[in-house]
Amino acid sequence: MESFFKESTYRKLRERLQNIDASKSPEWGKMDAAQMLKHCQFPIQIAMGKEKVGLKSNWLAKVFFKKSLYSPKPFRKNLPTAPSLKVADPKDFESEKEKLDQWMQELWYDRHNENRRPHPVFGTFSKEQWGMLQWKHLDHHFRQFGV
């Protein structure tokens with residue numbers, strides 16, 4: 001499975017990010033491209049221990065959903081989003097694109113970190129699981145916008 005922490009995958013994700021078009025409608029979901037770019041920053045911030053969203057542990061999510069986060073099977077379209085990770089207000093596309101790119105670069109430079117704090121909902125992930133999760137989430141949303 002791909003991993004954000006694999007150099008070729010990371011570079012491809014950054015290229016795909018540059019190909020996202022603000023005027024393109026999503027193939028599924030309610031967010032426009034700018035909102036999606038903002039939403040994609042949250043899991044990276046969580047991995048970096050810098051999230052500003054309120055998430056609480058959920059044993060049901062841990063038991064039934066955690067393994068799907070880093071399995072090779074793609075996320076289903078229209079999966080529910082935790083309320084604190086939803087982005088409904090208008091966002092500036094170029095600004096959010098730049099911020100996501102910066103967060104991606106920051107996580108890349110921190111890729112060797114083996115001591116990330118536990119995810120606030122799902123608990124502990126290995127370095128490899130964090131890398132797969134980040135790739136899978138970004139890939140899901142980039143595909144949502146045809147990239």
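Connecting C-alpha atoms closer than 10 Å in a GNM of the chain, tell me which of Pro90, Pro118, Pro72 has the biggest fluctuation.
Pro90
Kirkwood hydrodynamic radius of segment 66-119 from all distinct Cα pairs, in Å?
Roughly 14.4 Å, rounded to one decimal.
Can you give the local net charge around Ile46? Use residues other than it whose beta-carbon is closer than 12 angstrom to its beta-carbon, Lys and Arg +1, Asp and Glu -1.
My count for the surroundings of Ile46 gives +3.
When the Cα centres of segment 126-146 and segment 34-75 are compared, how far apart do they sit, in Å?
What the calculation gives is 10 Å, centre to centre.
Would you mind getting me the FRET efficiency between Met1 and Lys77? Use the beta-carbon distance for r and R0 = 22 Å, nearest 0.05.
FRET efficiency, Met1 to Lys77: 0.70.
Quick check: at a probe of 1.4 Å, how many percent of the accessible area of segment 1-100 sits on carbon and sulfur atoms?
For segment 1-100, the apolar C and S fraction of the accessible surface comes to 52 percent.
Run lengths n ≥ 4 of DSSP H only: what is the helix-derived mean residue ellipticity at 222 nm for the chain, with -39500 (n - 2.57) per run over all residues, to the nearest 500?
My calculation for the chain gives -15000 deg cm²/dmol from helical runs alone.
Averaging over all projection directions, find the projected area of the Cα convex hull of segment 1-139 and quote it in nm² with one decimal place.
Over every viewing direction, the Cα hull of segment 1-139 projects on average to 7.9 nm².
Given the Cα-Cα distance of Glu27 and Glu15 and 0.36 nm per residue of separation, how much length would full extension add, in nm?
2.3 nm
Return the subset of Lys66/Lys127; Lys24/Lys97; Lys6/Lys127; Lys24/Lys52 for which the Cα-Cα distance in this structure is over 21 Å, preserving the input order.
Lys24/Lys52
Taking only protein heavy atoms into account and a 1.4 Å probe, give the accessible area per residue of segment 62-147 in Å².
Each residue of segment 62-147 exposes 57 Å² on average to a 1.4 Å probe.
If exposed means no more than 16 neighbouring beta carbons inside 10 Å and the site is in a DSSP loop, what's the longest run of the chain without any exposed GluC sites (Glu not before Pro)?
With GluC sites (Glu not before Pro) excluded where exposed in loops, the chain gives 28-113 as its longest stretch.
The values are calculated or read from the model by the stated rules, or taken from the named source; none is laboratory data. What you see is a predicted model; the values in this text were computed from it and never measured. Glycine also receives a Cβ, built like all others from the backbone with ideal geometry; neighbour counts cover every protein chain displayed. Note: areas computed on protein heavy atoms with side chains; ligands, DNA, RNA excluded. Shrake-Rupley method; radii C 1.70, N 1.55, O 1.52, S 1.80 Å.
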